[in-house]
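The values are calculated or read from the model by the stated rules, or taken from the named source; none is laboratory data. Predicted, not measured: the structure shown is a model, and the values here were computed from it. Note that we place each Cβ from the backbone using ideal geometry, even for glycine, and neighbour counts take in every protein chain shown.
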Amino acid sequence: MAKIYIIDVTNRDGVQTARLGLAKLEKTLINIYLNEMGIFQSEFGFPVTRHEINYLNANLELQESGLLKPIRLSGWLRATVGDVETTFKNVPKLKHMNISISTSDQMITYKFQGKLDHKSVIKEMVEALRLAKQSGAETVGVNAEDASRTRMEYLTEFALAAKENGADRIRYCDTLGYDSPDTIYERIFKLAEAVKIPIELHCHNDLGMAVGCSVMGAKGAIDAGVDAYVNTTVNGIGERCGNADLVGCILAIKKSSGFANKYILDERVDLSKSWKITKSASYAFGVAIAINQPGIGANAFAHESGIHADGALKDWRNYELYHYEELGRGEPEIIEFKTDEEATKILELARYANVHTQKPLTNDELRFIAKYPEQARKVLTVTP
């Protein structure tokens, strides 16, 4: 059977959230936590954006050192020849990427406004894809932005052209959160069956269905015989109403009656790392976790009514689908910087890091700076 893999896009789509953002050190720690959690790939940034260059190259150095292995680090860029050329100029060691272009009638007509039509959209994508592969990209995912509002005939034509020119996956973007679980299952099944290429699911939460649509889209891909790659963000952070929540998607695949023991999630995924990454991301973004958030919310394992409390005390399985220990629950240590003997060696870097993140450093951030000072210096440096 085909498998479901997780591609987390916190450091790309998550940081595009209005009024929010992450410092480069915080993005680096997110990559480290995703790797520890066994996530297949992190879409870690924008290789055509100048202020990202040092951070991206430093993280690829950390990958070479072994710290960020086996996770893949991938960049996001527009499906244009210019963006591909700039990418390999700025980040020459980048091996994985997704190239993106809009495919719906709405976007082609009212976003491109005559600059591109349906035929030239495919032409632009193919030219960028070919150049990316020729320039040394090992894997390229091709994004159909606004795929959920794209006519199936055209979406299939677009996906076939991508496959024929070396694409490794098609990213089906439910950019506006327009799909429902039943429609995305049907559309993904038809697309995967017609094109026979792995499908990525990139779902937004504008209608509150991002997790449901993500897992049902993955089911459609698997049922059609191809691998599925679910895009997530930590705590569901993302543009507008957010993206599919990382822990929520994993729990849905591993614990729900329709998926558990029926569909295969990448075996490397370690649910016990959930608590650490979600609490750390909450601190970094400055966004509190909802008390009713699945798995990690303060009330996820709380029982108020007498019947529930009594039943849970007798056997937690009476009122809980999964045990809190499976998620590694426990507060991460958030500390102010202390100038002990070891930290004194990297005091100047820690001072810069405090300015960089604009908040007290976490214990893990201090450890990272002490152990990888050269990469930390590069991450903290933005050249205008």
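Taken over the stretch 56-95, residues that are over 21 Å from Lys133 (Cβ atoms), out of contact with any helix residue (DSSP H, G or I) (no Cβ under 7 Å at 6 or more places or on another chain) and crowded, with 23+ Cβ neighbours inside 10 Å amount to 0.
For the stretch 234-281, a residue qualifies if it is among the aliphatic types (A, V, I, L, M) and closer than 16 Å to Gly14 by Cβ, and the qualifying residues are Val234, Ile237, Ala244, Leu246, Val247, Ile277, Ala281.
When you check Thr139 against the structure, is it under 25 Å from the mean Cα position of the chain (by Cα), touching a residue at least 40 places away in the same chain (Cβ under 8 Å), within 30 Å of Asn57 (Cα to Cα) and assigned by TED's automatic domain parsing to the domain that holds Glu200, yes or no? Criteria met by Thr139. Would a scan of the stretch 42-58 turn up a residue that is in contact with a Lys or Arg (Cβ under 9 Å, 6 or more places away or on another chain) and over 28 Å from Ala281 (Cβ atoms)? Checking the stretch 42-58: not a single residue is in contact with a Lys or Arg (Cβ under 9 Å, 6 or more places away or on another chain) and over 28 Å from Ala281 (Cβ atoms). Total residues in the stretch 227-241 satisfying the condition of being closer than 16 Å to Gly295 by Cβ and in a loop (DSSP other than H, G, I, E, B): the figure is 1.
Consider the stretch 57-89 and keep the residues that are touching a strand residue (DSSP E or B) at 6+ places or on another chain (Cβ under 9 Å) and charged (D, E, K, R). The one that is farthest from Tyr5 (Cα to Cα) is Asp83. Met125 - would you say it is touching a strand residue (DSSP E or B) at 6+ places or on another chain (Cβ under 7 Å) and hydrophobic (A, V, I, L, M, F, W, C)? So Met125 fits the description; yes.
How many residues are on the phi > 0 side of the Ramachandran plot and surrounded by fewer than 17 Cβ atoms within 10 Å (Cβ to Cβ) if we restrict to the stretch 143-191?
Summing the residues that are on the phi > 0 side of the Ramachandran plot and surrounded by fewer than 17 Cβ atoms within 10 Å (Cβ to Cβ) in the stretch 143-191 gives 1.
Every test in (1) over 16 Å from the mean Cα position of the chain (by Cα); (2) surrounded by fewer than 23 Cβ atoms within 10 Å (Cβ to Cβ) is passed by Ala221 save one, and that test is (2).
So, of the residues in the stretch 97-128 that are among the basic types (Lys, Arg) and farther than 17 Å from Ala147 by Cα, which turns out to be surrounded by the fewest Cβ atoms within 10 Å (Cβ to Cβ)? Ranking the candidates gives Lys115 first.
Tallying residues that are closer than 14 Å to His202 by Cβ and aliphatic (A, V, I, L, M) within the stretch 160-192 yields 5.
When the stretch 192-237 is filtered for residues that are small (Gly, Ala, Ser) and at positive phi, the ones remaining, listed by number, are Gly208, Gly225, Gly236. Residues of the stretch 2-57 that are in a helix (DSSP H, G or I) and acidic (Asp, Glu): Glu26, Glu36, Glu52. Scanning the stretch 242-264 for residues that are in a strand (DSSP E or B) and either closer than 20 Å to Gly177 by Cα or under 16 Å from the mean Cα position of the chain (by Cα) (or both) returns Asn243, Asp245. If you go through the stretch 248-286 and keep only what is of a type in the set (Val, Ile, Thr), touching a Phe, Trp or Tyr at 6+ places or on another chain (Cβ under 9 Å) and within 25 Å of Asn363 (Cβ to Cβ), you end up with Val269, Ile277. Condition check: farther than 24 Å from Ser42 by Cβ and aromatic (Phe, Trp, Tyr). Does Phe301 satisfy that? Considered against the rule, which asks whether it is farther than 24 Å from Ser42 by Cβ and aromatic (Phe, Trp, Tyr), Phe301 comes out as yes. Looking at the stretch 90-102, is at least one residue part of a helix (DSSP H, G or I) and out of contact with any Asp or Glu (no Cβ under 9 Å at 6 or more places or on another chain)? So far as the stretch 90-102 goes, no, none of its residues is part of a helix (DSSP H, G or I) and out of contact with any Asp or Glu (no Cβ under 9 Å at 6 or more places or on another chain).
Looking for something over 19 Å from Ala159 (Cβ atoms), among the charged types (D, E, K, R) and under 19 Å from the mean Cα position of the chain (by Cα) - is there at least one such residue anywhere in the stretch 86-94? Within the stretch 86-94 (the criterion being over 19 Å from Ala159 (Cβ atoms), among the charged types (D, E, K, R) and under 19 Å from the mean Cα position of the chain (by Cα)), the answer is no, since none of the residues qualifies.
Which members of the stretch 149-183 meet the condition of being β-branched (Val, Ile, Thr) and under 23 Å from Arg240 (Cα atoms)? Thr150, Thr175, Thr183, listed by residue number.
What about Gly114, is it at pLDDT below 95 and part of a loop (DSSP other than H, G, I, E, B)? Considered against the rule, which asks whether it is at pLDDT below 95 and part of a loop (DSSP other than H, G, I, E, B), Gly114 comes out as yes. Thr278 passes every criterion in (1) β-branched (Val, Ile, Thr); (2) at pLDDT below 95; (3) within 25 Å of the chain's Cα centre (by Cα); (4) not in a loop (DSSP other than H, G, I, E, B) apart from (2). Within the stretch 287-315, the set of residues being out of contact with any helix residue (DSSP H, G or I) (no Cβ under 8 Å at 6 or more places or on another chain), more than 29 Å from Thr233 (Cβ to Cβ) and at pLDDT 80 or above comprises Lys314, Asp315.
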